[in-house]
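Enquirer: Quick one: this structure, given as structure tokens, is what I'll be asking you about.
The values are calculated or read from the model by the stated rules, or taken from the named source; none is laboratory data. Small disclaimer: the values here were computed from a predicted structure and weren't measured. Neighbour counts are summed over all protein chains in view; Cβ atoms, including those assigned to glycine, are modelled from backbone coordinates with ideal geometry. Please note that ligands, DNA and RNA were not included when accessible areas were found on the heavy atoms of the full protein model with its side chains. Shrake-Rupley method; radii C 1.70, N 1.55, O 1.52, S 1.80 Å.
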Amino acid sequence: KKQPTIVPKKICLDSNRIGDEGCRTISEYLEDKRVEIELLSLSDNSRITLTGFQHIAKALAGRRRALRKLDVSRNNFGGNLLTPFVEAFSSDPDMIPDELDLTSSTSADTQSWRIFGKLLARRRFPMTAIRLGRNSISHIDLSAFVTAFNSRPRSTPKILDL
């Protein structure tokens, strides 16, 4: 008799030493169409770089059903995390997780914040929460990000933590 496949709904790998190779392994797991994960949390994994996040973003964007929550907070990606995120989800913004936590994880320029805001505004339904605190967002970056949401007020998230 065939054993049932155990498929977790939540994967929490916070405060570990998950690096880019670990992200590649996780992304391969996420690409399996039988996996219906709701939460992926990789916070406090300082060995993950932009390359590792690109693996994760591409795997999530290619899924048939959106993840509910993605937490990559308190990682030092060493660059603009928004660029690979926008690239991965630009074809289908509705695949962006309902809750997104990027607290203390990115350094981005004003144009990137504007593009990121426009991408989120393209969703057909609002996100539950976006957490972007401790990313050194300037008033100009914030203005660019919020202006994108003002173009489509229904897309504004219920919680916007800056």
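Enquirer: In Å, what Rg and Dmax follow from the Cα atoms of the stretch 37-123?
Expert: Cα only, the stretch 37-123: 11.9, 32 Å (Rg, Dmax).
Enquirer: Further, regarding this structure: Give me the percent of the accessible area of the chain that comes from carbon and sulfur atoms, probe 1.4 Å, all protein chains in place.
Expert: 50
Enquirer: Then there is this: What's the whole-number percent of alpha carbon pairs in the stretch 68-162 lying beyond 15 angstrom?
Expert: Cα-Cα pairs in the stretch 68-162 separated by more than 15 Å: 56 percent.
Enquirer: Related question: For the ranges 119-127, 133-141, what's the packing order if you count other beta-carbon atoms within 10 Å of each residue, average per peptide, and put the highest first?
Expert: Descending mean neighbour count gives 119-127, 133-141.
Enquirer: Follow-up. Starting from the Cα coordinates of the stretch 17-72, work out the convex hull volume and express it per residue in Å³.
Expert: Taking the convex hull of the Cα positions in the stretch 17-72, it is 63 Å³ per residue.
Enquirer: Compute the orientation-averaged projected area for the chain from the convex hull of its Cα atoms and round it to one decimal in nm².
Expert: That works out to 9.3 nm², a quarter of the Cα hull's surface.
Enquirer: Which aspartates and glutamates have a Cα lying under 20 Å from the Cα of LYS118, excluding residues fewer than 8 positions away in the same chain?
Expert: Of all the aspartates and glutamates, those that pass the test against LYS118 - Cα under 20 Å, at least 8 places apart if same chain - are GLU87, ASP92, ASP94, ASP98, GLU99, ASP101, ASP109, ASP141, ASP161.
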